[in-house]
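Only one structure is covered here, and it is reproduced in the block below.
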Amino acid sequence: MHIANGSILEMNRFPSPNPNVELKVITYLSNGLKVKGMLAEPLNKDTMDGFLYLRGGIKNVGKVRPARIAQFAAEGFIVFAPYYRGNQGGEGNEDFAGEDREDAFSAFRLLKSLPRVRDIHIFGFSRGGVMALMTGLRFPEAASVVTWGGVSDMTLTYKERKDLRRMMKRVIGGTPEKYPDRYQWRTPLNQLGDLAAPVLIIHGVTDQNVSVEHAYQLENKLKSLAKPVECWYFHEFTHYFPPAVNRNIVVELSKWMKKQGK
């Protein structure tokens, strides 16, 4: 029997930090692999927009935090955050916006299959930025795409982050000089002509993890294509924003997303 990508194979309750939000760890299918992720649903039974949360990092760096997922759900979304393949009991190996992009695509399908979900918004943090853009390209019906401190150019990441080069060479298979096609494949900038969803870019100008140049490149490319884009630049902040500011931005970007609903 054929089981479709995005099908839920297993579901287990997870302790929630918010009494109004229910959390579950989901096992779902992604190109033949059993991959894990977290689902956050407000307890009320209304239909509402879906929110695909694409985390940054790799493996245990940047892993999905239940409190963060619940925070977005509390704004009135049904949130699903894939852990990506090979993490927290999932099958396969994460490969930094390579084949693991399929885990984001299958997660989008999972959200689409939920009866309470209306429009679906895509959110990417850090390396999740390229995943969000790729998913937006793959699913033109997406209502919006938000990148926060998001990577947009994988070659630029290699050049900027000397501390990541060993990992990138191991996972991607070499350097951008030796395998430019592998880095281009992980860089959605040149495909944005096919992007249908409006984009919101959020970035700290003093970010040392993902330089603001990633945001500027994305903004300029979208504007050159006459695509709808809005930018929120914060000159005083790095990759991580103070908690109070972070909470306010979550409220504001949630409002922005809901305005983009179709």
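Pull out all pairs, ordered by first then second residue, where Cβ-Cβ is under 8 Å, the residues are six or more apart or on different chains, the first lies in the range 173-186 and is within 16 Å of Arg161 (Cα to Cα), and the second is polar (S, T, N, Q) and surrounded by 12 or more Cβ atoms within 10 Å (Cβ to Cβ).
Sorted first by the residue in the range 173-186, then by its partner, the pairs are Pro176/Thr155; Tyr183/Thr155.
Would you confirm whether any residue within the range 7-21 is within 15 Å of Arg109 (Cα to Cα), hydrophobic (A, V, I, L, M, F, W, C) and surrounded by fewer than 19 Cβ atoms within 10 Å (Cβ to Cβ)?
For the range 7-21, residues within 15 Å of Arg109 (Cα to Cα), hydrophobic (A, V, I, L, M, F, W, C) and surrounded by fewer than 19 Cβ atoms within 10 Å (Cβ to Cβ): present.
So Lys112 passes all but one of these: (1) in a loop (DSSP other than H, G, I, E, B); (2) surrounded by fewer than 21 Cβ atoms within 10 Å (Cβ to Cβ); (3) among the charged types (D, E, K, R). Which condition number does it fail?
Condition not satisfied by Lys112: (1).
Inside the range 25-55, can you point out the residues that are charged (D, E, K, R), in a strand (DSSP E or B) and out of contact with any Asp or Glu (no Cβ under 8 Å at 6 or more places or on another chain)?
Listed by number, the list holds a single entry, Lys36.
Each value in this text was obtained by applying a stated rule to the coordinates, not by laboratory testing. Note that the structure is predicted; figures quoted are calculated from it, not measured. Cβ atoms come from the backbone with ideal geometry, glycine included; neighbour counts cover every protein chain shown.
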